[in-house]
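Everything below concerns the one structure shown next.
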Amino acid sequence: MAFKMSVQKYAGKISEVEIGAGEKAIKLGGENVMPFYSFDGETGNTQKIGIEILDVYPENWVEPLKNLYKDVASNPVDWAKFVEEKFSPDFICLKFEGADPNGFDKSPEECSEIAKSVVEAISIPLVIAGCNNHEKDAKLFEKVAAAVDGYNCLFLAAVEENYKAVGAAAGLAYPHKVGAESSVDINLAKQLNILLTQLGVKGENIVMNVGCSAVGYGYEYVASTMDRIRLAAFGQNDKTLQMPIITPVSFETWNVKESVALVEEVPEWGSQEERGIAMEVSTASSALAGGANAVILRHPKSLETIKKFVNELA
């Protein structure tokens, strides 16, 4: 008897969200099956990979990364152009670390000028991340959203503490996309999506960041949360969870001991750079296999590896 593969069909489908403008705009989502399950149905748009840059010199980054970008890292415009031309990511994530009130405390006006200069200098989409101070990010995104009007950026992220301000600026006053950030919990992710849509932000303009951790650091919670979100979106046709997912992998993996410990401290662990890449690749591949439609990375070798991973499975 000939083998007949069973097919798992779902009623639900992930919404399609476009980021960027022009020929190099990208689309996330559109699938109605679990990641890479092309044998079950429509896999939607290919997963996208971006590179992180900062608005300030990356003093806290490990030396191998600082050396890699040493000629351009003092100027975010030069850094963005260098990354686009040399490594060809699908998008760039500009993180405003310099806006942190406990650091340089750059003003929203200064940051908006930087964002405008960066987005005008590149041809690929721009994802804009804040400083992780929720109050400052609300003020920051309001100014930056106006400065990059017309470029259809994704803003990371709206959280429960500031979703009204971020959603109003990035999703209502200006035609951008809003990242809804929750902390590894399906109920929190769903609640924030509901709050944003009640505010008036359309579901097709929302991308979820459901949380991340480096592999080995409680990643099983991330994996189980992604599974539950995707199965609810597909199997239960839960429209409040049918948004694409973006996972900022680099924000987590380059801060764990395996990535930051010097060779002199743990010579038996080998190259610090290779350790960091391994953590980033392991986490990114896990996130993509679990349901992420896009990941943010920091090292170009990680980008190269994950691109190959996606191309061979897509």
Summing +1 for each Lys or Arg and -1 for each Asp or Glu, what net charge is found among the other residues whose Cβ lies under 10 Å from the Cβ of residue 98?
-> -3
Cleavage-rule hits, GluC sites (Glu not before Pro), the stretch 241-306, DSSP coil, Cβ neighbours within 10 Å at most 13 = 264, 265
Where labels lie 7 Å past Cα in the beta-carbon direction, separation of residue 117 and residue 268 in nm = 4.8 nm
Run the quick spin-label model on residue 109 and residue 37: label points 7 Å from Cα toward the beta carbon, then report their separation in nm to one decimal.
-> 5.3 nm
Pseudo-spin-label distance residue 11 to residue 63, built 7 Å along Cα→Cβ, given in nm, is 5.9 nm
Could you work out Rg/(2.2 N^0.38 Å) for the chain, with Rg from alpha carbons only?
-> 0.97
Summing +1 per Lys or Arg and -1 per Asp or Glu among the other residues with Cβ less than 11 Å from residue 266's Cβ gives -2
If R0 is 51 Å, what FRET efficiency do you get for residue 149 and residue 227 from their C-beta distance, rounded to 0.05?
-> 0.85
When only DSSP loop residues count, what trypsin sites (Lys or Arg not before Pro) in the stretch 27-104 have their Cβ near at most 16 other Cβ atoms within 10 Å?
-> 70
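Read-outs: derived from the displayed coordinates by stated rules, not from any lab. Since the model is a prediction, treat every value here as computed from it, not as a measurement. Using ideal geometry, Cβ is built from the backbone for each residue, glycine included, and neighbour counts are taken over all protein chains shown.
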